Structure formats: C-alpha cells, structure tokens
Amino acid sequence: MKKFNKVSKIAVGSTLAILLASSIGLDYSISAGIITLLTIQDTKKETIFISLKRIIAFLFATILALILFSNFGFTTIPFGIFLFLFVGGCSMVKLQDGIAMNSVLATHYILSKSISIHMITNEALLLFIGAGIGTLINLYMPSNIKQIREVQERIESDLRKILFRMAYFLREADKSEYKDHCFTPLQEDINLGLTYAYTNMNNTLFQESEYFIRYMEMRKHQLQILTEIYKKIISLHSVPKQALPISQFIESIANSLAESNNAKGLLQLEDNLEDKYRQSSLPLTREEFEDRAVLYMILKDFKMFLLVKEQFADTLTKDQIQKYWS
C-alpha cells in the first residue's frame, strides 16, 4: 500500500508538472515531470530537505554555467569543466541530491546554445514547478500511529511473556528447557517499532514527534537488561528460598507492565525486597553462597530495568503524558 501511494503520487505529480510547464510555454517541459519524480521521497521532511538542497545547487550551477559557457562556449570541454567543478563542489558541501537534476538542467544551455535571462528563468521555473508540485503532493502522508500502537501492544505482550518465563524458571531447579528464543519476537518488534517511529517523526513537521522513538529506545534498553538477567538465571545451580519472593516480584512487574506505569511503586517493592534479602541468614555452603549472590545481582538488574522506565516517565512533559497516556 505504501509503495502504491508513492507510485501514484509520482505518476500524478509528474503529469501535473509537465502539463503546467507546457501550459506556460516552458522549453523542455518534460523535465519538470522528472524533477517531480526525483523530489517525491518516503517522508515529508526528506522531500522538503531535498527540494531545498536542489534549489541551492541550482544557484551554484547557474553561476558556474554563466562563467564557463559565456566565456568558453557551449561545447563538450566547457561542459566537462562545469561537471568537474559542480559535482566536486556539491560533494564537498553535501548537496549530492542536487547533482543529477541540475546537471540535466545545465544540458539545456548546451542544447539551446544560450544562457540568456530567458533560459535561466526557464530552468528556474522548471525546477520550482517540479520541486513545488512534488513537495505539495507529498505533504499528504497517511498516519502510521495505528501501526505504532499495534507494535507497542505486541512489545508489552512480549515483555510479559519473558517476565513470566523468568519468574517460572527462577523457582525451577531444572532449567534445561529455558532457552533464549523468547527474546527474538521482542527484538523484532522493537526494531519494527523504531522504523515506524522514525517514519512518523519524519512525516511530522510542526508537532512533537520524538515520544515513540524514546519509548522504543527505552524498551530496547530493557531488553538488553533482560538478556543479562536470563544469563544469570540459567547459571543458578539450586533454588535458594530467596528465589520465591524474587519470582513473585517478577510476576508483579509482568502483571503491572504498561506504557503508563511510571514504575515508582515497583521500585519501592524492590527496595523492601532488598532489605529483607539483607536480613536473611548467611549461606551455609559455597553453592548456596554463589547462587544467592547471583539472585542478588538479578534483583539489582531488575531495579535497573525499572529505573529505565522511571527515567523515561519522569522526562515526559505534561502535554506528552496527556497526549500519549490518556
């Protein structure tokens, strides 16, 4: 559907550009359609930035053409020098997006053997019509908020599944069935969510649009922490009595996991659990000592997991909370 929309815009926009250029009597009017084709990008911001770059490159190309063609004629060698200076200059100042199109416009001076005010105006109008129609027609971009929200729901579902599995295997002596394949769907959904979030940002011109990117990055950080916790869980040799309350704590995180949960209540539970952990009797064997040390590190990792969410929530503005959490 996305590709169909873009192809439709290119076809309609290019046709309109050619018709408009022809109707006002411009030479090489078909070039306006090609400019429109090259202008339409995947997002609004890309389209606008490329159009601006091409206008700047056009001014550079016009000055070079005036100097070279007026003094050395409309032959191959002056055009070769033009290309050398124009391509090199655009590359140095990161205007590569304007090279191909403006090089084609420059050939019109060669073909007509003229660089008069009339020809410069002709080329400028071709550029403004082509880029203008391409930009205007690309200002309409269907919102992908629904897709982002669907991915968010899957991400939170993935997280709950991972947390419940962690809680289960933390209190199970046999961990041979505990594999890391449960992280794959979450990783894929976060990557997809980031793609959607960046597309949304690049299609939003005048509104705050970084929320979803920050959300996805927050979940990505949490995934990294959970991956480390998984490694610690499978390293356990036994099931110390402290494993049960930690397992119940993990289930509490899973049950209350939500976009709008700022994690403060869970952090308080974690602090209480740490206090009880420190008050426990000392381990009697080396194996118990090692496993309890791992359990303590798991508990601290979950604190970091929650702090990542708390930090995300604390940096949101009131407007963002009202807009995205209502």
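The values are calculated or read from the model by the stated rules, or taken from the named source; none is laboratory data. For clarity, every value in this text was computed on a predicted model and none was experimentally measured. Counting neighbours? That spans all protein chains shown, and the Cβs are built from the backbone with ideal geometry, glycine included. What goes into the accessible areas is simple: the full protein's heavy atoms, side chains included, and nothing from ligands, DNA or RNA. Shrake-Rupley method; radii C 1.70, N 1.55, O 1.52, S 1.80 Å.
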Taking K and R as +1 and D and E as -1, what net charge do the other residues with C-beta under 13 Å from the C-beta of Leu95 add up to? +2
Report, in cubic angstrom per residue, the convex hull volume of the C-alpha atoms of the chain. 176 Å³
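Ordered by packing density, taken as the mean number of other Cβ atoms within 10 Å over each peptide's residues, highest first, how do 182-190, 243-251 rank?
243-251, 182-190
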Roughly to the nearest percent, how much of the accessible area of segment 231-280 is carbon and sulfur, given a 1.4 Å probe? 50 percent
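Of the accessible area of segment 1-140, with the probe set at 1.4 angstrom, what percent is carbon plus sulfur?
Numbers: 5570 of 7290 Å².
Reported share for carbon and sulfur atoms: 76 percent.
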To the nearest 0.05, what FRET efficiency results for Ile55 and Lys323 with a Förster distance of 30 Å applied to their C-beta separation? 0.30
Relative to the longest principal Cα axis of the chain, at what angle does helix 243-256 sit, 0 to 90 degrees, rounded to 10? 40 degrees
Accessible-area value, Asp275, 1.4 Å probe, nucleic acids and ligands omitted, Å²: 70 Å²
For Glu210 and Arg286, calculate 0.36 nm times their separation in residues minus their Cα-Cα distance, and state this gained length in nm to one decimal. 22.4 nm
Describe numerically, in nm with one decimal, the distance between label points set 7 Å from Cα along Cα→Cβ at Ser238 and at Ala100. 6.9 nm
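For segment 144-325, what is the accessible area per residue in Å², given a 1.4 Å probe and the full set of protein chains?
52 Å²
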Per 10 Å bin from zero, what fraction in whole % of the C-alpha pairs of segment 145-202 is there, up to the bin with the longest pair? 22, 41, 22, 12, 3
So how tilted is helix 145-170 from the main axis of the chain? Cα-based, degrees 0 to 90, rounded to 10. 30 degrees
With r defined as the distance between the Cβ atoms of Ile145 and Lys300 and R0 fixed at 30 Å, what FRET efficiency is calculated, to the nearest 0.05? 0.25
